[in-house]
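The values are calculated or read from the model by the stated rules, or taken from the named source; none is laboratory data. Remember, it's a predicted structure, so these values are computed and weren't measured experimentally. Methodologically, a virtual Cβ is constructed for each residue, glycine included, from the backbone with ideal geometry; neighbour enumeration extends over all protein chains shown.
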Amino acid sequence: MVATVDVWDAGELQGAIYRGDLHMHNMNVPGIEPGTVGVSIYFWSSSMTGPWPQWRGQGRLVTDEPSAGRVRFEKIAQEVGPEPAAGTWPAELSGEISWSCDPWSSAPATFGP
């Protein structure tokens, strides 16, 4: 079973690359309902000079297979730091994120930037 999905390049919006991660709460954690997923989404571009827009919240695992899954989330809020994110970004995001994994490769692992 997948515990974490890291997203490095899953699309583009307003000239920025979609990145983020999903953290599955597979264990029985007091106060957290089974199937709850921590969702972090942000958009990044090398041309951004200030903070990048970022959203964090909870989602629900709606498809759970050994090498694939789908998470649905609604109205997760944009984090606002000491400075607002550059550009015009929505205050909340709703949607779905799905993934599938190919069989394990025998090639050495590589890491993103």
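For segment 55-81, name all the residues that are without any contact (Cβ under 8 Å) to a residue 40 or more places away in the chain, surrounded by 12 or more Cβ atoms within 10 Å (Cβ to Cβ), closer than 16 Å to residue 96 by Cα and not aliphatic (A, V, I, L, M).
55, 56, 57, 58, 59, 60, 63, 70, 72, 73, 74
Name the single residue, out of those in segment 16-54 being free of Cβ contacts under 8 Å to residues at least 12 places away in the same chain and among the β-branched types (Val, Ile, Thr), that is surrounded by the most Cβ atoms within 10 Å (Cβ to Cβ).
So the first thing to find is which residues in segment 16-54 are free of Cβ contacts under 8 Å to residues at least 12 places away in the same chain, and the list is 27-34, 46.
Still in the list and also among the β-branched types (Val, Ile, Thr): 29, 32.
Details: 29: 10, 32: 12.
So the residue we want is 32.
From the residues in segment 48-59 that are closer than 19 Å to residue 10 by Cβ and not hydrophobic (A, V, I, L, M, F, W, C), which one is modelled with the lowest pLDDT? Can you show your working first?
If we filter segment 48-59 for residues that are closer than 19 Å to residue 10 by Cβ, which is where we start, we get 48, 52-57, 59.
This time we only want the ones that are not hydrophobic (A, V, I, L, M, F, W, C), so: 53-54, 56-57, 59.
Working: 53: 86, 54: 89, 56: 92, 57: 93, 59: 93.
Result: 53.
Can you go through 91, 77, 109 and tell me which one is out of contact with any helix residue (DSSP H, G or I) (no Cβ under 7 Å at 6 or more places or on another chain) and modelled with pLDDT under 85?
Details: 91 fails: modelled with pLDDT under 85; 77 fails: modelled with pLDDT under 85.
Every option except 109 fails the conditions.
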